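Inspection log for the structure reproduced underneath, given as structure tokens.
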Amino acid sequence: MDSERSSSGIYLRNPDQRLVKVIVSGPFGVGKTTIINTLSDIPPLRTEEVMTATGAVVDHLEGVRDKTTTTVGLDYGRMSLSDDLALCLFGTPGQKRFHALWEDLTQGALGALILADTRRIADSYEVMGLIEEQEIRYAVALNIFPDSPQYPEEELRQALDLAPETPLITCDARDRSSSLAALLGLAEHLLNLPVLEQS
């Protein structure tokens with residue numbers, strides 16, 4: 001087999017690419033699996049399972065009544081930004097019962113793209129708190145659904161309690177160019193921040 005191809009036959013531009021870990025997070029049903037599937041250059045790894053009646057009792061389904069599957073471990077995709085740089089996208093599960101995975105998933109991450117839904121902004125608070133506890137820098141991307149209400153940016157920033165420098169981006173997780181713009185917004189934010197001092 002050609003050494004420049006993976007075991008699945010997918011061409012890798014440069015096996016010596018620098019790999020950067022990025023977390024894609026957000027509450028249950030906000031579009032994390034969708035955006036990784038949209039952005040990934042390789043067939044993404046998904047750990048989705050069909051939702052059961054038991055899970056419906058545990059998980060908060062308000063606003064996502066049509067959802068039939070859920071991530072029970074992680075999502076993984078890889079996206080090349082250039083011949084020498086690729087982003088490894090790790091999607092976290094959105095339900096509280098899977099938060100035991102968070103410490104391992106977020107270790108070594110350069111930054112996080114947190115997806116939010118204007119139909120249920122408050123659902124984002126817990127996830128944002130977990131990302132902040134891990135001291136991971138982040139941007140927030142509002143994933144737009146057909147029935148998403150629109151609010152002035154300042155109201156949304158206040159509702160999410162965002163620092164002035166934290167990007168607030170609008171995207172459609174199904175659209176590659178829109179999703180890429182959100183990811184590049186995070187990358188630009190990270191590049192413009194001062195390096196954190198190591199404790």
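Structural remarks
- Checking each residue of region 131-153 against the condition of being acidic (Asp, Glu) and closer than 14 Å to Lys32 by Cβ gives no match.
- Residues in region 117-129 that are of a type outside the set (S, T, N, Q) and touching a residue at least 60 places away in the same chain (Cβ under 8 Å): 5 in all.
- For the criterion of being under 19 Å from the mean Cα position of the chain (by Cα) and either closer than 13 Å to Tyr138 by Cα or free of Cβ contacts under 8 Å to residues at least 12 places away in the same chain (or both), Leu168 passes.
- Where Ala53 falls short, out of the listed (1) at pLDDT below 55; (2) out of contact with any helix residue (DSSP H, G or I) (no Cβ under 7 Å at 6 or more places or on another chain); (3) surrounded by 15 or more Cβ atoms within 10 Å (Cβ to Cβ): (3)
- Among the candidates Leu190, Leu156, residue that is in contact with a strand residue (DSSP E or B) (Cβ under 9 Å, 6 or more places away or on another chain) and modelled with pLDDT under 95: Leu190
The values are calculated or read from the model by the stated rules, or taken from the named source; none is laboratory data. Owing to the predicted nature of the structure, the values given are computational and were not obtained by experimental measurement. Here the Cβ is made from the backbone with ideal geometry for all residues, glycine too, and neighbour counts use every protein chain on show.
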